[in-house]
Each structure stands twice: as structure tokens, then as C-alpha cells.
Amino acid sequence: MTTTTALSGAGGRRRKAPTIFDVAERAGVSHQTVSRVINGDPTVREAYRSQVTDAVTALGYRPRAAARALAGGRSRALGIITAGDALYGPSSTAIGFERAARAAGYHVLLSTLPDEPRPVDLSGALTTLLAQDVAAIVLVAADNRVLDALASLTIPVSVPVVVANAVQRDARTPAAPSVAAVAIDQAAGTTLVMEHLFGHGYRRIVHIAGPSVSQESEVRRATYERVMREAGLEPVVLDGDWTPASGFAAARHIDATVVDAVFAGNDQMALGVLHAFADEGLRVPDDIAVVGFDDVPEAAHFTPPLTTVRQDFVAMGQRVLETVRALVEGEPRDETLLAPELVVRRST
């Protein structure tokens, strides 16, 4: 990921900060149009919005462009960007962060991306938040498409970006000084599931995976496959999309005479699995066991109550805020993954 700097020329003289008129000139529009774009006016034509967004990104434009510092109290605004449907994990992470930030005296500005995010969508969201003079931005979207877009954008180095739930350190998690990832240990959570199932004698275990664009889904799937192979067992993976309907559909392809346990990639898909098995007259866990992931509040009241992996999203939100402050203040940050917890209920 490339970043802009505030210095240029001989002797490191400070470069003049770009103005709204510079943006307008580069984009080929009026400064009034620039103002409408950065303030999120939905009536602006898409072509103009794209031109302004590209110009803002290229110039590194920010209103009152001097870098803000949380420690100095000069900016109390933090931006947060979410992507896709309101799934339990990302929604809980965003709520946990907002509550932690509010308790610490900051206010949070929200921007959302569509279900099928494009680079221009992320660029537009960043432009709108930067126009509000935020001190840092949190991206709650462990979606490979969003992370690819992030890696392609130019963001002022004075504005830290923290990616919540990004669990793989690769090209999709830019290794820039002002970008950091905070995550719960998905591999550890999956290992807890598999050890629990093995400990209860289950060996013919099928995994219903979430969508491939999700980093969390990728890690859960890869860990399941590795653990199965290390145990001398053949992994079997069915595709899902996080929804109960996809879990239901996948479960209709599972033969309980040759499978003794199902590890669903999240609790919503596990709910669909339980529904399908109930329709087929199968008893859980007598005929087949079911495990989920996330520990949604309803999981304790499924029929039967669901064994699952609990992720502490309150702690996640607090860690994200701590990371933001560390980046802004130039202090060391805690890069350890947060530990999940296995919650055992009657479905196993």
C-alpha cells in the first residue's frame, strides 16, 4: 500500500496542503460539486463522484489537512466502515468498538459499503470520512475484495487505518506503518472444535464453510482440513454463505449413516443444519452432532442448545480502540490475537 507524505523538496520543506479548489481543478468540476461529494450528497452523478474521489485520493486532500492527534485532543472523531450484510460477528465488532470509543470520549462516524463492494465504493467511503476530519479509520470487513481495494488506495499517512477481523497477514493486509490488523484467533477456535469432537469419538466430520471471500471462513476451513489430515482422516467440505438457508441446503446432502458430526462455519448455518435434520427425523446429537461458531445470543436456545465457539466482541472493540490510539500516538501496540472460547452445549 502506498501512502502520501507531508514533506517534499530540498531540506524537507513542508508542502502546501491541497485545497478544495485544487481538487476541483484536478477533477474538472466545480468546488461546489467537490463539497457535495465529500459531504455524501446522494444526488451527485456517479461520474462526477468518481472523478472527485480519484482527485481527493491522488492529492491526499483533507479539510484542515494538518494531521490530528488523539492524544492532543484536537480531533475526537473516528471513522468506521462496514461492508455487506449485518452479520453477527462484524455487527458486534462495530458495536463493541463504538461503545469503547464513546466511553473514552470519542464520537464515531459510520459509513457502509454495499454487499458487492468495488474499489470506488471504499474510496468514496474513505473520502467522506476524511472530509469529516477523522483522526483514524476502522475497517470492519474481513472481505478479500475490500482488503484488495484498500491495498490499491492512497491514504494520508497521518490517518491510521485499523482493519478489524483481518486474520491473514498477506498482500490483502497491507504492511504499512499506518495500517494494522486486529483479530480473534480463528485457527485456535477451529482447533478447539475439532479437539472437542475427537475427544467425544467423532471422526466422520463434515465442515460447512462460509463464503470464500471471507478471511475468517478461509482460516476456519483451512484449519479444519489440516486437523483432519493430521488425524489421518479425509476432510469433506460443503459450501455455504453464512445464512441459515445455506446451512439447510448443505445439510440435505449429508448422509447421517456415513457422517457422525457437522462443523458449521457459523451459528446461523448451524441453525439451518438443525432444521434440516429435524425435518429428516434425525436426533441431535444421538444420530449426528452439530457445532457452530460465534455463539450468537440465540445459540443457547436452539433445539438442542448449540455447542459453539464464543468470540469476545467487547474485548475486540476495546483492542481496536487501543490499536487506533497506539498508531496515532506512535506507541507500541499489542499484536497478539484474541483468544476464543469453546462453549459446550447439548448438540454434541
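Helix 313-329: angle to the longest alpha-carbon principal axis of the chain, degrees 0 to 90, nearest 10?
In the chain, helix 313-329 runs at an angle near 30 degrees to the longest axis.
Would you mind putting 186-196, 44-54 in packing order, based on average other-beta-carbon counts within 10 Å, highest first?
Highest-to-lowest ranking by the protection proxy: 186-196, 44-54.
What translational diffusion coefficient, to the nearest whole µm²/s, does the range 273-333 have by Stokes-Einstein, given a Kirkwood radius computed over alpha-carbon pairs, a temperature of 25 °C and 0.890 mPa s viscosity?
Diffusion coefficient, whole number: 171 µm²/s.
Residues of the range 186-310: accessible area per residue at 1.4 Å, in Å²?
That works out to 40 Å² for each residue.
Which translational diffusion coefficient, to the nearest whole µm²/s, is obtained for the range 20-63 from the Stokes-Einstein equation, given a Kirkwood hydrodynamic radius over C-alpha pairs, 20 °C and 1.002 mPa s?
The calculation lands on 217 µm²/s.
Using 1/(1 + (r/R0)^6) with R0 = 35 angstrom and r between the beta carbons of GLU298 and ALA222, what's the FRET efficiency to the nearest 0.05?
0.80
Given axes a ≥ b ≥ c from the Cα gyration tensor, I'd like to know whether the range 85-151 is rounded (a/c under 1.5), prolate (a/b larger than b/c) or oblate.
The shape class here is oblate.
Which whole-number percent is the relative contact order of the chain (Cα, under 8 Å, 6+ apart)?
So the answer I get is 16 percent.
For the range 20-63, what does the accessible surface come to per residue with a 1.4 Å probe? Please give it in Å².
Counting only protein heavy atoms, the per-residue value for the range 20-63 is 52 Å².
Spelling out what I want: for every residue of the range 207-212, take phi, set θ = phi - 60°, compute 6.51 cos²θ - 1.76 cosθ + 1.60 (Karplus), and round to whole Hz; glycine and proline get x.
So the J values, rounded to whole Hz, are 10, 9, 8, x, x, 5.
For VAL237 and PHE21, what does the FRET efficiency come to when R0 = 51 Å and r is the distance between their Cβ atoms, rounded to the nearest 0.05?
Step by step, r from the Cβ atoms, then E = 0.40.
Taking all protein chains in place and a 1.4 Å probe, what share, in percent, of the accessible surface of the range 186-310 do carbon and sulfur account for?
53
Any idea what Rg and Dmax come out to for the chain if you just take the C-alpha atoms, in Å?
Using the Cα atoms of the chain, the pair Rg, Dmax is 22.9, 78 Å.
Taking amide H positions as placed 1.01 Å from N in the peptide plane, with prolines and chain starts having none, which residues 5 or more places from VAL134, or on another chain, fall under 5 Å of its amide H?
So VAL134 has HN proximity to no qualifying residue.
Which whole-Hz couplings ³J(HN,Hα) result when phi for each residue of the range 256-263 is put into the Karplus expression 6.51 cos²θ - 1.76 cosθ + 1.60, θ = phi - 60°, listed in order with x for Gly and Pro?
Once rounded to whole Hz, the list reads 5, 7, 10, 10, 10, 7, 10, 9.
Does anyone have the angle between helix 119-131 and the longest principal axis of the chain? Alpha-carbon axes, 0 to 90°, nearest 10?
It works out to around 50 degrees.
If you consider only alpha-carbon coordinates, what radius of gyration and Dmax does the range 206-348 have, in Å?
My reading of the Cα-based Rg and Dmax gives 17.1, 59 Å.
Amide H neighbours of ALA181 under 5 Å, at least 5 residues apart or on other chains, H built in the peptide plane: list them.
Long-range HN contacts for ALA181: VAL163.
How much of the accessible area of the range 20-63, in percent, comes from carbon and sulfur atoms when a 1.4 Å probe is used?
Looking at the range 20-63 in its full context, I get 49 percent from C and S.
Please give, to one decimal in nm, the separation of the simple spin-label points placed at ASP148 and VAL343, each 7 Å out from Cα toward the Cβ.
It is 3.5 nm.
The values are calculated or read from the model by the stated rules, or taken from the named source; none is laboratory data. Quantities reported herein were computed from a predicted structural model and do not represent experimental measurements. Reconstructed Cβ throughout: ideal geometry from the backbone, glycine too, with neighbour counts over all protein chains shown. Quick note on the areas: whole protein, heavy atoms, side chains included, nothing else; ligands and nucleic acids left out. Shrake-Rupley method; radii C 1.70, N 1.55, O 1.52, S 1.80 Å.
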